[in-house]
Amino acid sequence: MGILTLLDEGSKKITDQKIIKSFMNERGIIFEQWETSIPLNDSDSQETILKAYDHELGPYMKTHGYLSADVINVHKDTPNIEAIRAKFLSEHTHAEDEVRFFVDGEGEFFFHMPNTHEVFSLLCLTGDFISVPKGYTHWFDLAPKYHVKAIRVFQTPEGWVANYTNSGTEKKYQS
Ligand SMILES: [Fe+2]
């Protein structure tokens, strides 16, 4: 159940899931809600979290050619939390689609569309599944909650590699 913020339109917020879904789909971004009824703990290992949701992610990975998966598990006691946040906070692209399944907590994606230059954000909450096409300029913020468990899947052995744009766009939207 995400929250869409139109940052170029006075930060107008949209909570209607149908509207959010079609807004994202029109822009080529897949946004869905998946079942997340399995309770998880902050101390759970990556293996435990992956195993808990293998019944949902496994078939998706097989169909879409994903080879590996890992977990971002961040909470208030995570060491070097600001360094982890900073890694995702500058505008970047990837050479493959960025797929995230939020199984606990929340995090906010920011998108900077290349042709229209519109900037909007999508707060992803527990149960949200998102697939961002390769090459899309975006950034991601763990703040203000600093509490998220999200499963990531990858098509290449390199996994998560960010190509930073160094445009500085994100700074206009960060306080
Ligand atoms: Fe990314």
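Here are the numbers for this structure:
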{"quantity": "Pairs with Cβ under 8 Å, 6+ apart, first in segment 150-175 and under 19 Å from Phe111 (Cβ atoms) and within 12 Å of the ligand (Cβ to nearest atom), second open to solvent by 30 Å² or more (accessible area, probe 1.4 Å) and part of a helix (DSSP H, G or I)", "calculated": "Ala162/Lys87"}
{"quantity": "Unmet criterion (only one of (1) open to solvent by less than 50 Å² (accessible area, probe 1.4 Å); (2) in contact with a strand residue (DSSP E or B) (Cβ under 8 Å, 6 or more places away or on another chain)) for Pro114", "calculated": "(1)"}
{"quantity": "Residues within segment 45-79 that are farther than 18 Å from Gln155 by Cα, open to solvent by 30 Å² or more (accessible area, probe 1.4 Å), part of a loop (DSSP other than H, G, I, E, B) and touching a residue at least 12 places away in the same chain (Cβ under 8 Å), tallied", "calculated": "3"}
{"quantity": "Test set (1) within 16 Å of the ligand (Cβ to nearest atom); (2) open to solvent by 40 Å² or more (accessible area, probe 1.4 Å) - Pro144 fails condition number", "calculated": "(1)"}
{"quantity": "Qualifying residue in segment 15-29 (condition: surrounded by 14 or more Cβ atoms within 10 Å (Cβ to Cβ) and among the small types (Gly, Ala, Ser))", "calculated": "no"}
{"quantity": "Extreme residue, most open to solvent (accessible area, probe 1.4 Å), among residues of segment 80-110 that are near the ligand (Cβ under 10 Å from one of its atoms) and of a type in the set (Lys, Arg)", "calculated": "Lys87"}
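The values are calculated or read from the model by the stated rules, or taken from the named source; none is laboratory data. For clarity, every value in this text was computed on a predicted model and none was experimentally measured. Counting neighbours? That spans all protein chains shown, and the Cβs are built from the backbone with ideal geometry, glycine included. Just so you know, the surface numbers come from the protein's heavy atoms only, side chains and all, with ligands and any DNA or RNA stripped out. Shrake-Rupley method; radii C 1.70, N 1.55, O 1.52, S 1.80 Å.
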